[in-house]
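J.: I am attaching a structure below and will ask some questions about it afterwards.
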Amino acid sequence: MSSDTTLAKAPAAPDDPPVHADELPIVPQRRLGQWTAAAAVLVLLGLAVTSVLRNRAFQWGVVADYFTTDSVLRGLWLTLWLTVVVMVLGFALGTLLAAARLSANPVLRAVSWGYVWLFRSIPILVQLLLWFNIGALYPHLFGVRTVDLFTPIAVAIIGLTLHEAAYAAEVVRGGILSVDPGQIEAAQALGLSRWRRWWRIVLPQAMRAIVPPAGNMLIGTLKGTSIVSVIAVQDLLFSVQLVYHRTYQVIPLLMVATVWYTVVTSVLSVGQYYVEKRYARGTGAAR
């Protein structure tokens, strides 16, 4: 026998049984940065809230005393009324402008485009002041003194409505253009009338694109009505201004207006959410 010996190989260990994926332990990913950022934000938020609540300069007792006074509630009511009127008239005019912009008539398209361009170019404050002083250009209209026709309330409605219509026209036009042209062609193939095509096919689908910016415009209009205080319309802001001009309690009265605007816009935001959810039924956004 040779001196070189051959070592026998040890038998291989049997393979381990396969492990299924659902048996593997799940180790959550460490998110140290996110937790650190969240903690820092909460600390800063707590400091800010504490500072506001404990700062005696806010005079929260005065805020509570004036929050539901008759003058403030009358100003709030005028603000809400003005918002509704401007939104209804603005979207009515904006819808006509959008239809003109989408028409085949080049004159209507040019006039609609020019209107939107003009009223989006001029700041709303400048527009209100121009309408408020329109009597300097036209002392009489229809045989009546212009200053008697253009009262502060009328100026506020006219100025805000014309300004709102320019933006509403683009919102409505964008919503209509978002509808697939194949939907309209299919409705035509079914023999639906022009009115039924718009009412049953185009409008429900366009509303999905119209409602979100329209809701934002509603909230923006509510806050934007505060600008009418410069022409002595007694809205919410002007009402609290009248009080603090008499009492010199500027900060607490401004906080009264701030809290009311916050409450109303929060309610409108909740309503906007449910309206969007209704028009988004059957889409991925609804789910």
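J.: So what are the ³J(HN,Hα) numbers for the range 205-213, from phi and the Karplus equation (6.51, -1.76, 1.60; θ = phi - 60°), rounded to whole Hz, Gly and Pro as x?
T.: Couplings: 6, 5, 4, 4, 8, 8, 4, x, x Hz.
J.: Along the Cα→Cβ direction, 7 angstrom out, place labels at L192 and Y248. What is the inter-label distance in nm?
T.: If labels sit at L192 and Y248, their model points lie 6.7 nm apart.
J.: Could I ask something else about it? Out of residues 5 or more away from L141 or on other chains, whose amide H comes under 5 Å of its own, with H placed 1.01 Å from N in the peptide plane?
T.: T146
J.: So between R56 and S269, what do we pick up on full extension, going 0.36 nm a residue minus the alpha carbon distance?
T.: Details: separation 213, 0.36 × 213 = 76.68 nm, distance 3.11 nm.
Length gained between R56 and S269: 73.6 nm.
J.: Could you give the longest part of the chain that holds none of the chymotrypsin sites (Phe, Trp or Tyr not before Pro) found in DSSP loops with at most 10 neighbouring Cβ atoms within 10 Å?
T.: It works out to 1-141.
J.: What does the net charge come to around A99 if you take all other residues with beta carbon closer than 11 Å to its beta carbon, with K and R at +1 and D and E at -1?
T.: +3
J.: Further question on the same structure: Could you go through the range 175-181 in sequence order and give the Karplus-derived ³J(HN,Hα) for each residue, using 6.51 cos²θ - 1.76 cosθ + 1.60 with θ = phi - 60°, rounded to whole Hz, and x for Gly and Pro?
T.: So the J values, rounded to whole Hz, are x, 5, 5, 6, 6, 4, x.
J.: How do D180, D65 rank by accessible surface area computed with a 1.4 Å probe, from largest to smallest?
T.: Putting D180, D65 in descending order of accessible area: D65, D180.
J.: Sticking with this one: Which label belongs to the value computed from this structure, given these candidates for Cα extents along the principal axes in Å: [x] 57, 41, 39; [y] 73, 47, 36; [z] 137, 70, 31?
T.: Matching the structure shown: [z].
J.: Now for a separate question. Using the heavy atoms of the protein chains and a 1.4 angstrom probe, tell me the accessible area per residue for the range 51-97 in square angstrom.
T.: 61 Å²
The values are calculated or read from the model by the stated rules, or taken from the named source; none is laboratory data. The model shown is predicted, which means the values in this text are computed figures rather than measured ones. Methodologically, a virtual Cβ is constructed for each residue, glycine included, from the backbone with ideal geometry; neighbour enumeration extends over all protein chains shown. The area values use the complete protein model at the heavy-atom level, side chains included, leaving out ligands, DNA and RNA. Shrake-Rupley method; radii C 1.70, N 1.55, O 1.52, S 1.80 Å.
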